[in-house]
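Below is one structure, written out as structure tokens, with a few remarks after it.
The values are calculated or read from the model by the stated rules, or taken from the named source; none is laboratory data. Treat the numbers as computed from the prediction; the structure is a model and nothing was measured. Virtual Cβ from ideal backbone geometry, glycine too; neighbours counted across all protein chains shown. Please note that ligands, DNA and RNA were not included when accessible areas were found on the heavy atoms of the full protein model with its side chains. Shrake-Rupley method; radii C 1.70, N 1.55, O 1.52, S 1.80 Å.
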Amino acid sequence: MSGHAQAEWLAEFLRRFAAPPQLLVALRNARRPLIACHEDPDPDCIGSMLALGQGLARLGARPCLVSTDPLPWALSQLPGADRILSPERLAEAAAEGVGAWDTAIVLDCEPARTGKAWPFIQLAPVLVNVDHHETNRSGPGIRWVEPGAAATGELVFALLHSLSVELDASMASNLFAALQGDTGSFQFENTSAHTLRIAAHLVERGASPGELSRVLYENREFSYVQLLGEVIRTLQRNSDGRIAWVYLTREMIARSGLPASEVEGFVRYPRMIRGVEVALLFRESEDGRIRVSLRSRGRVNVAELASRLGGGGHTRASGCTLEGDLQTAMTRVLAETERAVAQALARDIDR
Ligand SMILES: [Mn+2]
């Protein structure tokens, strides 16, 4: 930061979230970085990827951005999102010889969860992993995992400061979207004083909360709201009402014409019911597997629950993917969830 004094909160935030020095060195040395994120992209991973790419470009690098899955329409509206490549386009770039990436940067997930981008990431001599998922406990490369961060966007914010990149309106907007996405528009428990101060800082740098909210949340297809109607009709709960769920079949999604990535948010509806401890969304994916989104009101650690089912995530928001048909997956996940809820309640009574 050239000359002017850093705000006290910012200095404290940067002390609390200090990237490993070798990670900063790797980012400074990256000339041709390949930046990737997880499948079913969300505002945090895309916003983080765009802001970091724009920041590294400012430092003279020529970043290449990849998303394994197509972007939901709303995310494609974020500044610079048109530069994000599909894995197919990345393969062409690699074949044309422009894919001599010196550094791979994986944001918001474990490197192996980057799907079709993973083979390209492995080609880079240096790998950097920046994430805030507590289930990201080990893995290759230079790691910086901070489960205390509300969003990977907070960590990218710290990185850009440490690299002395002055935020412009595009970077600020992308980081604001990242924060908005993972905090449920600053409504979830992970929303810290730091999160709100960073958000204010981003607004000062040109992010528009109103515009970003319209872009991200009030820009749905007609078929999205129609599909919501169908999903709501699948709503069920268990006998004591502590678990509620909805599901989407492949046919429902196909009929809507929406990409699968658009529908994850439907898990908010079972979650908003009074008395529900765990809300679930089951979705049949095109590859025949069942994707499950898990949300907790706080007593049940759904990161643990998801890891028992082969997935991962955060204490209050996680996911997993199961083989087999919808009914089998639902039976298995509901049984595990019943057990987790019973354990959490028993533990709370013991206290
Ligand atoms: Mn995230």
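Condition test on Thr135, is it more than 22 Å from Leu167 (Cβ to Cβ), within 14 Å of the ligand (Cβ to nearest atom), assigned by TED's automatic domain parsing to the domain that holds Asp168 and touching an Asp or Glu at 6+ places or on another chain (Cβ under 9 Å)?
Yes, satisfied.
Anything in region 116-149 that is charged (D, E, K, R) and either in contact (Cβ under 8 Å) with a residue 40 or more places away in the chain or open to solvent by 50 Å² or more (accessible area, probe 1.4 Å) (or both)? List them, or say none.
Those that are charged (D, E, K, R) and either in contact (Cβ under 8 Å) with a residue 40 or more places away in the chain or open to solvent by 50 Å² or more (accessible area, probe 1.4 Å) (or both): Lys116, Glu134, Arg137, Arg143, Glu146.
Condition (residue is basic (Lys, Arg) and under 23 Å from Leu345 (Cβ atoms)) applied to region 241-251: is it met by at least one residue?
yes
Residues Arg89, Arg28: which one is among the charged types (D, E, K, R), at pLDDT 95 or above and more than 16 Å from the ligand (Cβ to nearest atom)?
Arg28
Criterion first (within 14 Å of the ligand (Cβ to nearest atom), open to solvent by 10 Å² or more (accessible area, probe 1.4 Å) and of a type in the set (Val, Ile, Thr)) does Thr152 satisfy it?
Against the criterion (within 14 Å of the ligand (Cβ to nearest atom), open to solvent by 10 Å² or more (accessible area, probe 1.4 Å) and of a type in the set (Val, Ile, Thr)), Thr152 does not qualify.
When Ala207 is evaluated against the numbered criteria (1) assigned by TED's automatic domain parsing to the domain that holds Asp42; (2) within 22 Å of Gly319 (Cβ to Cβ); (3) assigned to a loop (DSSP other than H, G, I, E, B), which criterion, by number, is the only one it fails?
Every listed condition holds for Ala207 apart from (2).
Pick out, from region 79-181, the strands (runs of 3 or more DSSP E) lying fully within it that include 1 or more residues that are of a type in the set (Asp, Glu) and either touching a helix residue (DSSP H, G or I) at 6+ places or on another chain (Cβ under 9 Å) or farther than 17 Å from Gly312 by Cα (or both).
Result: 126-131.
Name the residues in region 102-115 that are touching a strand residue (DSSP E or B) at 6+ places or on another chain (Cβ under 8 Å), open to solvent by 10 Å² or more (accessible area, probe 1.4 Å) and farther than 14 Å from Arg137 by Cα, would you?
Result: Asp102, single match.
Tell me the residue from Thr321, Thr328 that is within 17 Å of Glu110 (Cα to Cα), open to solvent by 10 Å² or more (accessible area, probe 1.4 Å), of a type in the set (S, T, N, Q) and in the same structural domain as Tyr247 (by TED's automatic domain parsing), please.
Thr321 is the lone residue from the list that is within 17 Å of Glu110 (Cα to Cα), open to solvent by 10 Å² or more (accessible area, probe 1.4 Å), of a type in the set (S, T, N, Q) and in the same structural domain as Tyr247 (by TED's automatic domain parsing).
For Ser239, state whether it is of a type outside the set (Val, Ile, Thr) and closer than 21 Å to Gln226 by Cα.
In short, no.
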